[in-house]
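Asker: This is the structure, below, for whatever I ask next.
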Protein chains: 2
Amino acid sequence: MSLKAKIQGATGNAEYTQKVASLLARLDAQIPASLRLPESLLENPPLNVTSIPETCGLLTPEELAVTGLDATDVLARIASGQLTAVETVAAFGKRAAIAHQLTACLTDFFLDEGVEQAKALDGYFKREGKVVGPLHGLPISIKDSFPVKGRWGSGGFLSNIELSADDCDMTKILRKLGAVFYVKTNQPQTIMHLESQSFYGRTLNPYNINLSSGGSSGGESALVAMKGSCMGIGSDGGGSIRGPCAFTGLYGIRPSCKTTPMGGTIWYQPGHDGTLASSGPMCSSSRDMRLLVGAVLDAKPWLLDPGLIPLPLSVPDISQRKLRVGVMIHDDVVLPHPPMLRAMKLAKAKLEASPEVEVVDYVPLNHEEGYGIIRTLFFEDGAETIRRCLKEGGEDMLPLTEWVISPPHTKNHDVVQAWELRAKRDDYRRAYSDHWQKQGCDVVLCPPFSGTASRHDTAKYWAYTAIWNLLDYPGAVFPTGLIADPALDTVDANFTPMGPDDDYNHSLFAAPEAYVGAPVNLQVISSRFNDGLVLAAQDVIERIVKS
Amino acid sequence: MSLKAKIQGATGNAEYTQKVASLLARLDAQIPASLRLPESLLENPPLNVTSIPETCGLLTPEELAVTGLDATDVLARIASGQLTAVETVAAFGKRAAIAHQLTACLTDFFLDEGVEQAKALDGYFKREGKVVGPLHGLPISIKDSFPVKGRWGSGGFLSNIELSADDCDMTKILRKLGAVFYVKTNQPQTIMHLESQSFYGRTLNPYNINLSSGGSSGGESALVAMKGSCMGIGSDGGGSIRGPCAFTGLYGIRPSCKTTPMGGTIWYQPGHDGTLASSGPMCSSSRDMRLLVGAVLDAKPWLLDPGLIPLPLSVPDISQRKLRVGVMIHDDVVLPHPPMLRAMKLAKAKLEASPEVEVVDYVPLNHEEGYGIIRTLFFEDGAETIRRCLKEGGEDMLPLTEWVISPPHTKNHDVVQAWELRAKRDDYRRAYSDHWQKQGCDVVLCPPFSGTASRHDTAKYWAYTAIWNLLDYPGAVFPTGLIADPALDTVDANFTPMGPDDDYNHSLFAAPEAYVGAPVNLQVISSRFNDGLVLAAQDVIERIVKS
């Protein structure tokens, strides 16, 4: 199948079709002719496209070297004068153009603006002999729903697309710290799928283009996995940072809500505060997560948005104590697919063998109930707003939209019913907090999803991430280095489903070869506001798991 | 007029009347015969009843001395063995019984239980030679809506009265820290008046029994002003700690929401999180506010309630810098009554003359709009729940209930309208935050109310406190030592109203002698989460104002 067929986006009425055609023509025209991949490749792409930037001949060895760096390294080289901001954004920009042709990850490409920004930064550096801030010259890719002044943005529907009049809080802060913007990235219709198919198209997983790059920040994950960016900004209200990072072998953290900026993002349910999302980094190294979260919090985002809590990042020194790690192989509702189980079991064995940590079996508390609560909270209006957004744009409802707003979870509430729902949420949180404390774990290691990257239109069980959103427990994902391998990951013939969700999930793995090459990530969780502990523990756990 | 006539509570149908009679009989029977004031005094009470505990002959000189201490002193004496917990609670308990007969401040009197608790604490102290915690032996009075295990409680209606099965979070923590419980205190119907008239009766202001002791924590304020308690616990969602403390010359702080415990309190709109209340101390010294808030936060209330933010109290050292104080004499909507204006002007002059502080005129930002937003947020269901609570108890609606739920502010919302309302709230908060930062004040000094203690059924303009609830800016009130004096506080013949609320407020002061003897407090505000700065600044400002 050609890429063009694979990346098909949402359909709609005649007016919709015409508008989308014009948007896609705009986006296509933004990709310079000099960076076009051969049509033959696009007609017959390999399953794994991650090495094409290196083999296609469009990037110089220097550009390949630069785009192989993580953000920490990029910043160090720019700050020491070994690399200019212009060289940096040009390299990542070129690679992003290639990544987009293979995965449909972008929604806006404006390398020229990025180069102008970078020139100004280089000028400052030359003149003043110092950097403007901790992110001086770092190209950062931005999810479509985070406005960048003068650029395209949307809230997951054609009907709320805009040319943004101003930066949102996050991009305002990043810009002030020295970041350079050059691309915006795809997200799904509604921004509420764990995949990324929108009016712009469907984003593919670069490790296996028959799989999803995840969602809702799935443009970011595909782009960063292709090294068309070394630092992406996503948001996560149900798994939208951790899911896509897990699907594509990246690092990503969902910080505790109300710590990182979400102000000014495009959202079709403004004022809906029953459950919230937070913004965070999607990147290629553990240290880059700290770098980004630390820099943003040091910039005091609560001075822009008084809804934020003034809690700077504090990563504890855990080198002198034995970390207590709860291991949750599954959540008592859905058994993850064999590659994920293999990774979890390996990780558990490695941790148990390590003198650095104490391992206990973590017992989940009614995750099915919790998942039901957050699913109900997502659309307290019975998804009337979503239907209106679709109607206004003449946009057809995608299958995963239909699924995510399906009864019995999604229903309309009057305000008293909404209070009752929120009280139920608070009761669950309280019971969970008691339960968590009784188990006495510093962190929990668990799957980030019920499998590896999903096949298209199948990512329906989000509870491995969404339960922590409901609880507002921060979580980070990291790659194990393992990949799905049909030779190792076979169907369990003795499988007995724990329930219908489990049965459905199992059915998706009937053909293990469908998942070949998918990276396997794991997730580290701690209780609310212990973001620093998540980061510290993730480092230790990754080192042990990979030892 | 006899006290019995003055303290008349809410009326209702026959069943209601019978139930209330039985509750009042229970409460009356709880007051020991040995502590009864003479009927002649209750038939013809003086306007100011604060000295009656000293003159009535029912308390020993030792008991009068103990009840004259603040909490810090009480604790120091108990911890050093100079005073026993039993002596302490007995003294405060006896004085509370007297206070109740004069002001109708109590809803439950259980000195016997308090004495038992105190005996156990004294036993521990004798045995172990140390205290159980930082509040060892301190008698603390508790607002009716905060459950104390085994005692009466209510959520402001006869229909939600209960014998509490368990402590709420606040009383659980206080008990663990060593506090002793012996009384619960009155609050208004709905817990949403700035006065305190409920099915138990109407609480009177001890400095002028024709005036209100404020609300909704008005049982606490009357009791603490009578020295029947040296530490009371109230809650404040619109002014319910600061208002009553201001009306009765006490110290009180409304901490930033989600820092102090509210879990397990009785509330008829559970899950309504559009605007919140926080709990805090009502007491007779500045240092006691720090003591209580510090002790509660040190006990990590967020481990009980995961909705709380882990922010321990941090009072900054401001001795080495010049505090920048914004002075807001009025809010551009309602001009405070002459006693309050006199106090504000005196305070401003003293502050301007001090080298320790820099004084600027603080400009309010659309407080009328903000007050409208929070009034609308209070009852997003158009007060249907209130009507149900009244109906279920056969309880008549009091005039201030009718007022507080009146249109145009109170209206029913569907969930999308509720989101819109919350978005409006967030926009206001954001605009205000920018405005606040532009003025660059550490704190603002302003009136806590549009006058001193109110005449009954007239406290309708809460914006001097409620605006800070909407913004979640912490605030403390303190006594200036001034009192309303008809010789000094005369009607301004040249008054021109700024609007209808101003006109109404002015009309209430037509007879200045009505307010004779009412204490005048002022309020110190800082931006969200700067609770420690409020406390530090309040100390400095009070010292200068009283110099």
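Asker: Which count do you get for residues in the range B:48-81 that are over 25 Å from B:M289 (Cβ atoms) and touching a residue at least 40 places away in the same chain (Cβ under 8 Å)?
Answerer: 6
Asker: What is the residue count in the range B:119-140 for residues that are more than 13 Å from B:T88 (Cβ to Cβ) and in contact with a Lys or Arg (Cβ under 9 Å, 6 or more places away or on another chain)?
Answerer: Here the count works out to 3.
Asker: Tell me, which helices (runs of 4 or more DSSP H) lie completely within the range A:446-547 with 2 or more residues that are surrounded by fewer than 20 Cβ atoms within 10 Å (Cβ to Cβ)?
Answerer: Passing ranges, in order: A:500-507, A:531-545.
Asker: Just to be sure I understand, how many residues within the range B:210-234 are under 16 Å from B:Q189 (Cβ atoms) and under 11 Å from the mean Cα position of the chain (by Cα)?
Answerer: 7
Asker: Could you run through the range A:223-255 and say how many residues are in contact with a helix residue (DSSP H, G or I) (Cβ under 7 Å, 6 or more places away or on another chain) and within 22 Å of A:L508 (Cα to Cα)?
Answerer: 9
Asker: Might you let me know whether the range B:403-425 holds any residue that is surrounded by 15 or more Cβ atoms within 10 Å (Cβ to Cβ), among the hydroxyl-bearing types (S, T, Y) and under 29 Å from B:G499 (Cβ atoms)?
Answerer: Yes, that holds for at least one residue.
Asker: Name the one entry in A:V363, A:V334, A:V315 that is closer than 21 Å to A:K438 by Cβ and outside the structural domain of A:G237 (by the TED database).
Answerer: A:V363
Asker: Suppose we filter the range A:202-234 for residues that are open to solvent by 10 Å² or more (accessible area, probe 1.4 Å) and assigned to a strand (DSSP E or B); how many remain?
Answerer: Looking only at that region, the number is 2.
Asker: Taking the stated definitions as given, is B:D144 open to solvent by 10 Å² or more (accessible area, probe 1.4 Å) and either under 26 Å from B:S286 (Cα atoms) or under 20 Å from the mean Cα position of the chain (by Cα) (or both)?
Answerer: In short, no.
Asker: Open to solvent by less than 50 Å² (accessible area, probe 1.4 Å), closer than 23 Å to A:Y200 by Cβ and assigned by the TED database to the domain that holds A:S284: does that describe A:L37?
Answerer: In short, yes.
Asker: A further question follows. Taking the stated definitions as given, is B:R151 open to solvent by 10 Å² or more (accessible area, probe 1.4 Å) and either closer than 22 Å to B:P281 by Cα or touching a residue at least 60 places away in the same chain (Cβ under 8 Å) (or both)?
Answerer: Criteria met by B:R151.
Asker: Looking only at the range B:265-321, filter to residues that are free of Cβ contacts under 8 Å to residues at least 60 places away in the same chain and in a strand (DSSP E or B); which one of those is farthest from the other protein chains (Cβ to nearest Cβ)?
Answerer: Among those residues, the one meeting the criterion is B:P281.
Asker: Tell me, which residue of the range A:363-388 that is under 10 Å from A:K411 (Cα atoms) and surrounded by fewer than 19 Cβ atoms within 10 Å (Cβ to Cβ) is farthest from the other protein chains (Cβ to nearest Cβ)?
Answerer: Within the range A:363-388, the match that is farthest from the other protein chains (Cβ to nearest Cβ) is A:G382.
Asker: Can you go through B:L508, B:L470, B:L522 and tell me which one is at negative phi and within 14 Å of chain A (Cβ to nearest Cβ)?
Answerer: B:L470
Asker: Does B:A299 meet the test of being under 25 Å from the mean Cα position of the chain (by Cα) and open to solvent by less than 10 Å² (accessible area, probe 1.4 Å)?
Answerer: no
Asker: What residue, of A:S354, A:S433, is more than 13 Å from A:L471 (Cα to Cα), out of contact with any Asp or Glu (no Cβ under 7 Å at 6 or more places or on another chain) and not β-branched (V, I, T)?
Answerer: Step by step, each of A:S354, A:S433 is checked, and only A:S354 is more than 13 Å from A:L471 (Cα to Cα), out of contact with any Asp or Glu (no Cβ under 7 Å at 6 or more places or on another chain) and not β-branched (V, I, T).
Asker: Do we find that B:R429 is more than 30 Å from B:I209 (Cβ to Cβ), in a helix (DSSP H, G or I), free of Cβ contacts under 8 Å to residues at least 60 places away in the same chain and facing chain A (nearest Cβ under 9 Å) in this structure?
Answerer: Considered against the rule, which asks whether it is more than 30 Å from B:I209 (Cβ to Cβ), in a helix (DSSP H, G or I), free of Cβ contacts under 8 Å to residues at least 60 places away in the same chain and facing chain A (nearest Cβ under 9 Å), B:R429 comes out as yes.
Asker: Taking B:Q439, is it without any contact (Cβ under 8 Å) to a residue 12 or more places away in the chain and under 20 Å from B:G370 (Cα atoms)?
Answerer: For B:Q439, the condition - without any contact (Cβ under 8 Å) to a residue 12 or more places away in the chain and under 20 Å from B:G370 (Cα atoms) - is not met.
Asker: Identify the single condition in (1) in contact with a helix residue (DSSP H, G or I) (Cβ under 8 Å, 6 or more places away or on another chain); (2) at negative phi that A:S80 does not satisfy, given that it satisfies every other one.
Answerer: Unmet condition: (1).
Asker: Still on this structure: Scan (1) touching a Ser or Thr at 6+ places or on another chain (Cβ under 9 Å); (2) within 30 Å of B:E420 (Cα to Cα) for the single condition B:L204 breaks and write down its number.
Answerer: (2)
The values are calculated or read from the model by the stated rules, or taken from the named source; none is laboratory data. What you see is a predicted model; the values in this text were computed from it and never measured. All Cβ positions, even for glycine, are placed from backbone atoms using ideal geometry, and neighbour counts span all protein chains on display. Heads up: the accessible areas ignore ligands, DNA and RNA and are worked out on the full protein's heavy atoms, side chains in. Shrake-Rupley method; radii C 1.70, N 1.55, O 1.52, S 1.80 Å.
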